[in-house]
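Please read the structure below before turning to the comments.
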Amino acid sequence: MTELPNPHEYTAIKGLMRLLAYQNNGPADGTGSHVLAAQARNLLGPHTPPIMVQYSTATQMNLFGDYPDHRDIAPSALFIALFAIVMLLHLTIFIINYSRGHYFWLSLGWVFYAACRMIGFALRIVWSYDLTQTAIGITSEVFLIVPTVLIVSFNLILAQRIFTWRHPVGGSCRIFWALMLTLYAVVAGVVAMTIVASAGINIYLLGEPNFARYKKVIMCTSILIICYSLTSISLLALAYFLKPTTNDENLYTYQPWWIESFAPTYFVKKGEPQIAAASFLKRNHNHRHAIRVIAATHNHHKQVKGLTNQRGTLTHNVSIIIVTITTIIIFVDSILRAVVVFQARMKYFTSNVGKAPVMYVFWGAFEIIINLLYIIGRVDLRFYRPDRLPKDVRNIVTAEQSLYTSEIEDEDEEMSKHEDTKFENEEEEEDEFFFDDDEDDGFEFNTPAQKTTAPYPTKEKLDTESEFHF
């Protein structure tokens, strides 16, 4: 790229740009590039002189990854291809799982994430040909920043499932879910605020006071994103250091017992999740309302099927490693972006942290590694939570499980014994029917005396309280 003019040196181009600035009521340097580019095209035609573009670029507030030029075409094209492969792998896994009744919807989230990365790098290539196309530049930055927050959000969902497995009572309560949903809503607001503030600097001609306020907003959002990137590790720490309570240990959980392996090439048998859900028709009421959690690795090795309240110690080591490594990578690149934001330098005075190679390493190479961990580590199996039971299964009302034999069961046993006795008596009665040839009146049947035993148990109910629990 041609060397940019020093904004602090008074040259002919600086005088021309100051003249345009006075025409616009003296905005701060680095603001309103979209307006200034439109004015330059109106004055000088569709092709703005390169010296004007270079001076305007030199005064812009620096970005993490810098402003693109012809040297950005090759690396951007490379990562477009790599993220296209990642997107196809995530989509293929989702399609195979879906065809087998295994619904892991986060896979679509990673498909959307990879698509955003592809769009961001593609727009960066287009922008490198003409930096006056500020609309393309703003859109490119949006599609490069948003995927970082998406990965953090997906990691938080994974960490939340580990926490719920470890603490099913706390992880399934309404307060916990309300806090998590509130956190997601706040982060969505932070992302929106970042986009508005970053775009506003380029769209509007701002005075120095307002320019300073916009920069402070971006600084604030960068710190919030750093804090947000640590939430998944914090949740994992809580799951590990807080021991399960007695209520956690006694509560029934519904785990996907049909998952036999976490191998990269393994897929569940077709229809297994639906067969498992149908089996709840034969279970009692409290089983159908068990907490749905991820498969516990130790239970998996012991081939425990069905419901269990034996979870033991936290043994999801590989799952924790996946979430931890990916979170650390995102945490580091969030810090680097915050450094560039807090420096608040013009592009001409940018530091090495804001150079393009740093951005390609963290938003490109390291995020490819993150996705390989997701794909090879099969997070779609490790973090799969059984689907909600069908409505017709949930609506069945049966008795809850009881630890004691109920009176109904005792009476059923007595009824069974009585039925057997009655059947034996009926066989004896068949031999008592006979024909008397001495009688002139025809046939005479000698029928045994009618039994007085009632065809049901006559055991009187005790005064004690019934042990049958609903």
Specify the residue that is farthest from the chain's Cα centre (by Cα); the eligible residues are those in the range 70-115 that are within 15 Å of MET359 (Cβ to Cβ) and of a type outside the set (A, V, I, L, M).
ARG71
Flagged in the range 144-182 as more than 19 Å from LEU106 (Cβ to Cβ) and crowded, with 17+ Cβ neighbours inside 10 Å, in numbering order, are LEU144, ILE145, ARG166, HIS167, PRO168, VAL169, GLY170
Per the filter on the range 216-242, residues more than 13 Å from SER334 (Cα to Cα) and buried (at least 19 other Cβ atoms within 10 Å of the Cβ) are THR231, SER232, LEU235, LEU236, ALA239
Scanning the range 19-50 for residues that are part of a helix (DSSP H, G or I), of a type in the set (A, V, I, L, M) and either in contact with a helix residue (DSSP H, G or I) (Cβ under 7 Å, 6 or more places away or on another chain) or modelled with pLDDT under 85 (or both) gives LEU19, LEU20, ALA21, LEU36, ALA37, ALA40, LEU43, LEU44
Within the range 175-201, which residues are within 18 Å of the chain's Cα centre (by Cα) and within 25 Å of THR253 (Cα to Cα)?
PHE176, TRP177, ALA178, LEU179, MET180, LEU181
Of the residues in the range 243-277 that are surrounded by fewer than 20 Cβ atoms within 10 Å (Cβ to Cβ) and among the hydroxyl-bearing types (Ser, Thr, Tyr), the one that is nearest to ILE320 (Cα to Cα) is SER261
Just one of (1) surrounded by 13 or more Cβ atoms within 10 Å (Cβ to Cβ); (2) at pLDDT 85 or above trips up LEU16, so point out which.
(2)
Cβ-Cβ under 8 Å, sequence separation 6+ or interchain: first residue in the range 159-170 and among the β-branched types (Val, Ile, Thr), partner modelled with pLDDT of 90 or more and not in a helix (DSSP H, G or I). Which pairs?
ILE162/PHE383
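Given the structure, is SER319 in a helix (DSSP H, G or I), of a type in the set (Gly, Ala, Ser) and at pLDDT below 90?
yes
Could you tell me whether ALA159 is within 30 Å of MET61 (Cβ to Cβ) and either under 22 Å from the mean Cα position of the chain (by Cα) or among the acidic types (Asp, Glu) (or both)? Quick ask: steps written out before the conclusion?
Values: within 30 Å of MET61 (Cβ to Cβ): no; either under 22 Å from the mean Cα position of the chain (by Cα) or among the acidic types (Asp, Glu) (or both): yes.
When the stated conditions are applied, ALA159 does not pass them.
I'd like the full set of residues that are of a type in the set (Lys, Arg) and closer than 28 Å to THR57 by Cα, limited to the range 97-140.
Applying the first criterion (of a type in the set (Lys, Arg)) to the range 97-140 yields 100, 117, 124.
Those that are of a type in the set (Lys, Arg) and closer than 28 Å to THR57 by Cα: ARG117, ARG124.
The values are calculated or read from the model by the stated rules, or taken from the named source; none is laboratory data. All values derive from a computational prediction rather than experimental measurement. Neighbour counts run over all protein chains shown; Cβ positions are idealised from the backbone, glycine included.
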